Structures are given as C-alpha cells and as structure tokens.
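Any read-out appearing in this document is the output of simple, stated calculations on the displayed coordinates, not a laboratory observation. Predicted, not measured: the structure shown is a model, and the values here were computed from it. In this analysis, Cβ positions are derived from the backbone assuming ideal geometry, glycine residues included, and neighbour counts consider all displayed protein chains.
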C-alpha cells in the first residue's frame, strides 16, 4: 500500500467514525418496547363511546382494537371481571364518508369514497386513575368503491378503516420514540 493510499484510507475511516460519533447522541433517548411503565401488561378495553353520527359502529371498532392489541402481544386484554393494570377508553369522534372519485361522463355521480374514522383515547392506570397515555386524534381511513348504495358502501369499507384505526391506537400505546 502506498503512502497516499494509506492516508486516504485513514481519512475515510476517520470521517466514518466522526459521522457515527455525531449520529449517536440523536439516538440516546430511544429504546425498544412500550413507553408505559413496566408493570402495565393487562389492559381492560370497555366498549367505545360513539359520539359520531354513525350508529352502531362502536362494537366493530372495539373488537378490531382488541384484536390488534392481542396480535401485537405487548399487552394482554382482560375481561372486566379480571384484574387490569390499565384501562383504554376510546371515544369515536367522527365517521365521514366523502366522495373522492366520480363516474366519467356522469357529472356529479360518485363511484369512489373515502371513509374516515377519527377518535381519541385515554389510557389510565387501573389502580390510581393516573393518565398513562392520551391522544386527542387517532384515525383510520380507507378508499373504497361504491357498492350498491351508501349504506352498503359504508359496511364494505368499515373493516379496512377499523383496522387502520386499531393500528394507529396500538402504535401510539406501544411506541417508545
């Protein structure tokens, strides 16, 4: 190896080490796992409160969030008669079906809709009532074609939007960033 090659190699190595050194402080506060206290493992999830104009969606949304929590496996969902470490309360704020695509050549006739579900949640310590996590806006959205009438379209689009809402809630209660 020539002297020039050795100097270039040393400069590249020094530059890489400097870049790594400068990047490390930005990661110092991050850790894997939940940002909740370590003793929070069992969650009770009561039926969601529905403040949206869409009736009877709270059972489907509650079930989907419970399923998402169970799939994630960070927490165990318990029945109301079992001891819980925390309680997850969700309020459905909005349920909006809005047209986003229209039939070509037929002025004003929608054939594609965006279903948006907006909610808020509070996770409280079951023993003390202290707020452990809270988000004023979590959401689930999906784009779906018109299937028959609007009621049928809502029913067809609901599962996908509910899954996205559930994913958003689970991400926010398990995030550590």
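Residue exposure proxy: 142, 76, 128, ordered by other Cβ atoms within 10 angstrom of their Cβ from fewest to most, comes out as 128, 76, 142.
For the range 31-174, the spread of Cα coordinates along the three principal axes comes to 60, 32, 23 Å, biggest extent given first. Only bridges whose two residues both fall in the range 31-174 count here: according to DSSP, what percent of them are antiparallel, nearest 5? Bridges in the range 31-174 are about 80 percent antiparallel.
For the pair residue 151 and residue 63, the difference between a 0.36 nm per residue extended length and the Cα-Cα distance amounts to 29.6 nm. Compared with the alpha-carbon gap, the fully stretched path from residue 39 to residue 104 is longer by 17.7 nm at 0.36 nm per residue.
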